[in-house]
Amino acid sequence: MNEDPARGAAPSPMSIDDAHFYLPREGAREDFNKEAAVINKLTRLGRVRRMGVVFATHSPADLNDMVIQLTNTKIAMRSEPKVLERVDMAEYAGELAYAQSGAAVAKSFIYRTHAVTFKTLPPQTRHRGD
């Protein structure tokens, strides 16, 4: 019997906030190779093991190119056109440049329309100092 135990498991999400700090675009060559190996393993093996990985950043210009290349779904919120271009969402610059807080576009091959727009709920928690 050659059954994969991961197929019956519930999907497991993993979020990396401020991903540009952990997976930067530039750095020492040896660090870059280590980071590339981690990104590759997280995304490719993660799919097989039903693990969803979310790389969150407010600074995609500083994010490792491999992260952008290996992510199938991208979500962009209010941003400048140059930032949207970096994550291959320049065509939504007109909508997102002056969008309301919480408005977003999700782009993925899984959507028949290739992209959907939505609005998030207001923040449910406060930041320290609010």
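What follows draws every value from the coordinates through simple rules; no lab data is involved. None of these values were measured; they are calculated from a predicted model. Note: ideal-geometry Cβ built from the backbone for every residue, glycine included; neighbour counts use all protein chains shown.
Please return the longest stretch of the chain lacking exposed loop sites, where GluC sites (Glu not before Pro) count only if DSSP places them in a loop and at most 14 other Cβ atoms lie within 10 Å.
27-130
May I have the count of lysine pairs in the chain with C-alpha atoms under 25 Å apart, counting pairs 8 or more residues apart or located on different chains?
Eligible lysine pairs with Cα atoms under 25 Å apart amount to 9.
State, as an integer percentage, the relative contact order of the chain based on alpha-carbon contacts under 8 Å between residues 6 or more apart.
Dividing the mean separation by the residue count of the chain yields 20 percent.
Run the dipole for the chain about the Cα centre, Lys and Arg Cβ at +1, Asp and Glu Cβ at -1, nothing else charged, and hand back the magnitude in debye, nearest 20.
With only Lys, Arg, Asp and Glu charged at Cβ, the dipole is about 420 debye.
Tally Lys and Arg at +1 and Asp and Glu at -1 over the other residues with C-beta under 12 Å from the C-beta of H114: what net charge comes out?
Computed value for this residue: +1.
Which of (1) 35, 24, 10; (2) 32, 22, 13; (3) 27, 20, 16 is the computed semi-axes √(5λ) of the Cα gyration tensor in Å for the structure on display?
The value computed from this structure is option (3).
Name the trypsin sites (Lys or Arg not before Pro) in segment 25-130 that are in a loop by DSSP and that have at most 12 other C-beta atoms within 10 Å, would you?
R112, R126, R128
What do you get for the angle between helix 29-40 and the principal long axis of the chain? Use alpha-carbon atoms, 0 to 90 degrees, nearest ten.
The two axes meet at around 80 degrees.
Suppose we keep just the DSSP beta bridges with both residues in the chain; what percent of those would be antiparallel, to 5?
If I count the DSSP bridges inside the chain, around 70 percent turn out antiparallel.
First measure r as the distance between the Cβ atoms of M77 and N40, then evaluate 1/(1 + (r/R0)^6) with R0 = 35 Å and state the FRET efficiency to the nearest 0.05.
Given R0 = 35 Å and the Cβ-Cβ separation, E is 0.85.
Between segment 91-111 and segment 32-74, what is the C-alpha centre distance in whole Å?
Distance between centres, Cα-based: 20 Å.
Figure the gain on full extension for Q69 and F118 (residue separation times 0.36 nm, minus the Cα-Cα span) and round it to one decimal in nm. Please list the in-between numbers first.
Details: separation 49, 0.36 × 49 = 17.64 nm, distance 2.35 nm.
Contour length minus the Cα-Cα distance gives 15.3 nm.
With labels modelled as points extended 7 Å from the Cα through the Cβ direction, what inter-label distance (nm, one decimal) is found for I110 paired with D88?
If labels sit at I110 and D88, their model points lie 1.6 nm apart.
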